[in-house]
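Quick one: the structure is below, and I'll ask about it shortly.
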Amino acid sequence: MTETPAVEGWFTTGSEPALIASKCEACGTLAFPKGVDFCRNPACDGETFVDAELSRTGVVWSYTDAQYQPPAPYTPTSDPYQPFALAAVELPEGIVVLGQLASGFGVDSVKVGAPVELVVEPAWTEEDGTVKTMWKWRPTAAAEGGN
Amino acid sequence: MSNDVAILGVGMHPWGKWGHSFVKYGVKAARAALADAGVPWQDVDLIVGGETVRNGYGGYVAGSTFAQALGWNGARVATSYAACATGAQALDTARSRILAGQAEVALVVGADTTPKGFLAPNAGERWDDPDWLRFKLMGMTNPGYFALYARRRMDLYGATSEDFAAVKVKNARHGLNNPYARYRKEVSVADVVNSAVVADPLHLLDICATSDGGAAVLVTSVEYARKHGIADPVKIKAISTVTPTFPNTIIDMPLFSTESTAAVAAPELTFKESIGHAAYEEAGIAPEDVSVAEVYDLSTALELDWIEDLQLAKRGEAEALLRAGDTTIGGRIPVNPSGGLACFGEAVPAQALAQVCELTWQLRGQAEGRQVEGARVGITANQGLFGHGSSVIVAR
Ligand SMILES: [Zn+2]
C-alpha cells in the first residue's frame, strides 16, 4: 500500500510534518496555499518566492463538523458515512488554515483558543489502492486537560 | 449636487420552487416594478441584469435576456456579477449612469432558479480551484463556514443554540404575512434545536435554503421623479461594494486559509465591517439613525454577526439585543422584517435587490402585516464569494 500526499508540495511528511507556504522575496508576505505568480500585498509587486515551512502548532480559531456526507468531489472514507470534525487554526505567522481534526477527535475535543498540532493522516483511498494523505489538526495534551 | 437617485418602483416574483425559467421570474418582477412606478417600459433607457451562473448563456447576459423578453426598446444594457452582491452591483451601475447624466430611467432586474441541497462545485477535476479543492481535500461545505462563525459566537460571547433558534423564530414570525416569502409558518425554538445538526452547532432550521425568485428596482434621477409628480420618493443614499483590504484575516467561503499578517498588520476593520462603514460614510448617515435593517441571514448566527458588523450593536452584544426584543418589529431596531433568508431562501442574483424592495416598502409605509412604524432610514448588508459584498442605504 503506497501513501502519497493528496496535493503535491503543499506539506511535508515524516515525524514532524509542516505546511509549506510561499514567502515573497521582496516583502516577506507568507501565503498558503503557495502564491506562485503575484504577491498578495498591495504595496508589493514581488513575483519571486521561496518556500517557507509554517509553524506546526497553533490555536483553534473555530471548529465544526460535517454530520452529512459532503457532495462530490469529496471522497467518502467509510460506508456508512462517519461524520468528521474540522478546525480553522491560527498559526503564529498570523494565518488561519482549515483542516479536518485528526481521526478520533470531534467537536468536543476543542474550544476556541485550544492548542493543536499538525499531523498527516490517510484521507481517502484511490481506486488503484493508493492512500492519499492530508494535513489534519490534532488537539494536544494541554487542550484535553483544559477541557 | 446631490448624489441621490430615486427609487420609483419595486417588484418581486414570490420566492419558491416553481420550476420555471429565471426569465419568467425576472419579467414578472420587472413588470411589477414598472407598474409600481407608473412608468412605461418604453421610457426605460438603461436595463441592468444580475447574472445567473446556472442558466446557460441567457443567464450570462441576463440584462439583454430580460430586455428581449420585455421587447427590445433600444435601451442601453449591462449585466453584473458579484456573487451574493450581484443585485447591489447592478443597482450601482444604474445609479452611476444616472448620476453621470447618461441615463434617466434604469430598470435593474435579478432572478434565479436554484438546485436542491448543498451547493456543490461544478463537475470535473480542478486542482487550482479553491471552491473544488475545499470539497475534495477536506469536505468543507457552505454550512461548515457558517458553523465556524456561529461557534465563535458561542465560545467568545456566550451565545447559545437557543439564541440562534430565537433568530429563526423572530424571522419566521416577521415573514408570516409577506406575500413574497416562500416559508410562511411559525417556528418554535424547540423546532429549531430539535432539527438535525448539519454542521455543529447549526441545525437544519438555522440554515437558509436556496430558492427560485426574482426582484426588480426601477431607479430614476431625482429630477425625473419630480417631473412625474413624486416629490418625496425613497432615495438611494449609498451603495457600498468595497473589496477586502489586505490582509483579510477572517476565513471566507470557499477558501481554506486567510491572508497572513506576517508582513503587514491586519486592517482596523474586518471585511464585513468595512462594507457597512463605507456605506455610512457615503450616505453621511450614522448607525444610530438607522430605523430598519435587512441583513444576509444565510444562517441564524450570521444575522447576529451582521448586527455588529453594521454597528447596530457593540461586538458581542447582538444576543442581548435579540433577547430584549430590540430586533423584532416593534423593537428599537427591527432586523429582517421581510422574514429574511430564513423565510425566503437564497436566490443569489435577486437577493440583494429583494432587500432593497423590502426597505422601499418599509419606508413608504406599505409593508402590510410587517410594517416598521415610522421607518425613515434603512440599510442592507450581504457578503458573497471571492471578496464581494454590499450594503445599500435608503432614506426618505
Ligand atoms: Zn511581496
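If you take all C-alpha pairs in region B:152-247, what percent of them are over 20 Å apart? Don't skip to the end; give the middle numbers.
Details: 2851 of 4560 pairs.
Here the tail beyond 20 Å accounts for 63 percent of pairs.
Which one, B:N177, B:I98, B:A85, projects farthest toward the positive side of the charge dipole computed for region B:69-187 from Cβ point charges (K/R +1, D/E -1)?
It is B:N177.
List the GluC sites (Glu not before Pro) in region B:225-281 that DSSP assigns to loop (not H, G, I, E or B) and whose Cβ has at most 11 other Cβ atoms within 10 Å. Which are they? Show your work: numbers first, answer last.
Working: sites: B:E259, B:E268, B:E273, B:E281; in loops: B:E259, B:E268.
When the GluC sites (Glu not before Pro) of region B:225-281 are filtered for loop state and at most 11 Cβ neighbours within 10 Å, B:E268 remain.
Evaluate the charge dipole of the protein assembly as shown about its Cα centre and quote only its size in Debye, nearest 20, assuming +1 on the Cβ of each Lys and Arg and -1 on the Cβ of each Asp and Glu.
Values: 42 positive and 63 negative charges, 380 e Å.
With only Lys, Arg, Asp and Glu charged at Cβ, the dipole is about 1820 debye.
Give me the compactness ratio for chain B, meaning the Cα radius of gyration over 2.2 N^0.38 Å.
Values: Rg = 19.9 Å, N = 396, 2.2 N^0.38 = 21.4 Å.
Working it through for chain B, the quotient is 0.93.
Once you put a point 7 Å from the Cα of A:T57 and another 7 Å from the Cα of B:D289, both along the Cβ direction, what distance in nm separates them?
5.2
Separate question: Extending each Cα 7 Å along its Cβ direction at B:A100 and B:R184, get the distance between those two points in nm, one decimal.
For the pair B:A100/B:R184, the computed spacing is 4.2 nm.
In addition: Once every DSSP H run of n ≥ 4 in the protein assembly as shown is given -39500 (n - 2.57) and the sum is divided by its residues, what mean residue ellipticity at 222 nm do you get, rounded to the nearest 500 deg cm²/dmol?
On the way: 15 runs with 153 residues, N = 543.
So the helix-based figure for the protein assembly as shown works out to -8500 deg cm²/dmol.
Residues in region B:218-248, backbone N under 19 Å from the label point at A:V7 (7 Å along the Cα-to-beta-carbon vector): list them, ranges by number please.
So the set is B:248.
Evaluate E = 1/(1 + (r/R0)^6) for B:W127 and B:Q42, where r is the Cβ-Cβ distance and R0 equals 45 Å; express this FRET efficiency to the nearest 0.05.
Details: r = 51 Å, r/R0 = 1.13.
Step by step, r from the Cβ atoms, then E = 0.30.
Among B:G124, B:G276, B:G378, whose mean-square fluctuation peaks in a Gaussian network model of chain B (Cα, cutoff 10 Å)?
B:G124
Then there is this: Taking the dipole about the Cα centre of chain B, with the C-beta of Lys and Arg at +1 and of Asp and Glu at -1, give me whichever of B:A352, B:F271, B:T243 is farthest to the positive side.
Of the options given, the answer is B:A352.
Rounded, prolate or oblate: which one fits chain A, using the alpha carbon gyration tensor with axes a ≥ b ≥ c (rounded when a/c is under 1.5, else prolate when a/b beats b/c, else oblate)? Intermediate values should be presented prior to the final figure.
On the way: a/c = 2.01, a/b = 1.35, b/c = 1.49.
Here chain A falls in the oblate category.
OK, next. I'd like the distance between the alpha-carbon centres of region B:290-328 and region A:1-16, rounded to an integer number of Å.
Region B:290-328 and region A:1-16 have Cα centres separated by 44 Å.
When chain B is modelled as a GNM with alpha-carbon springs shorter than 10 Å, which of B:L255, B:L363, B:L218 fluctuates the most?
Looking only at B:L255, B:L363, B:L218, the largest GNM fluctuation is found for B:L255.
Specify the inter-centroid distance of region A:36-53 and region B:95-161, based on alpha-carbon positions, in whole Å.
27
Anyone know which of B:R370, B:R182, B:R315 comes out most mobile in the 10 Å Cα GNM of chain B?
The residue that fluctuates most here is B:R315.
Here's a follow-up. Which FRET efficiency value, to the nearest 0.05, do you get for A:E16 and B:V53 by plugging their Cβ-Cβ distance into 1/(1 + (r/R0)^6) with R0 = 41 Å?
Details: r = 43 Å, r/R0 = 1.05.
Given R0 = 41 Å and the Cβ-Cβ separation, E is 0.45.
Exposed loop sites here are GluC sites (Glu not before Pro) in DSSP loop states with at most 15 other C-beta atoms within 10 Å. What is the longest stretch of chain A lacking them? All intermediate terms of the calculation are to be shown ahead of the outcome.
Working: sites that count: A:E8, A:E25, A:E47, A:E126, A:E127.
My reading of the result: A:48-125 is the longest stretch.
While we're here: Given a Förster radius of 51 Å and the C-beta distance between B:A69 and B:F386 as r, what FRET efficiency does 1/(1 + (r/R0)^6) yield to the nearest 0.05? Don't skip to the end; give the middle numbers.
Details: r = 29 Å, r/R0 = 0.57.
With R0 = 51 Å, the Cβ-Cβ based efficiency is 0.95.
Then there is this: What does the net charge come to around B:K185 if you take all other residues with beta carbon closer than 12 Å to its beta carbon, with K and R at +1 and D and E at -1? Display every interim value, and only then the final one.
On the way: positive: B:K168, B:R173, B:R182, B:R184; negative: B:E186, B:D191.
Net local charge, B:K185 excluded: +2.
By the gyration tensor of its Cα atoms, with a ≥ b ≥ c the square roots of the eigenvalues, what is the shape of region B:12-149: rounded for a/c under 1.5, prolate for a/b over b/c, or oblate? Walk me through the numbers before you get to the answer.
Values: a/c = 2.38, a/b = 2.00, b/c = 1.19.
Prolate, since a/c reaches 1.5 and a/b exceeds b/c.
Sorted by packing (mean other beta-carbon atoms within 10 Å per residue), highest first, where do B:84-90, B:261-267 land?
Ranking the peptides B:84-90, B:261-267 by packing returns B:84-90, B:261-267.
With each label point set 7 Å from Cα along the Cα-Cβ vector, what nm distance links A:C27 and B:T160?
4.6
A follow-up question, please. Nearest-5 percent of antiparallel DSSP beta bridges in the protein assembly as shown?
Numbers: 66 of 88 bridges.
Within the protein assembly as shown, antiparallel bridges account for around 75 percent of the total.
Computed from the coordinates by the stated procedures, all read-outs in this text should not be read as laboratory data. Everything quoted here is computed from the prediction, not taken from an experiment. Virtual Cβ from ideal backbone geometry, glycine too; neighbours counted across all protein chains shown.
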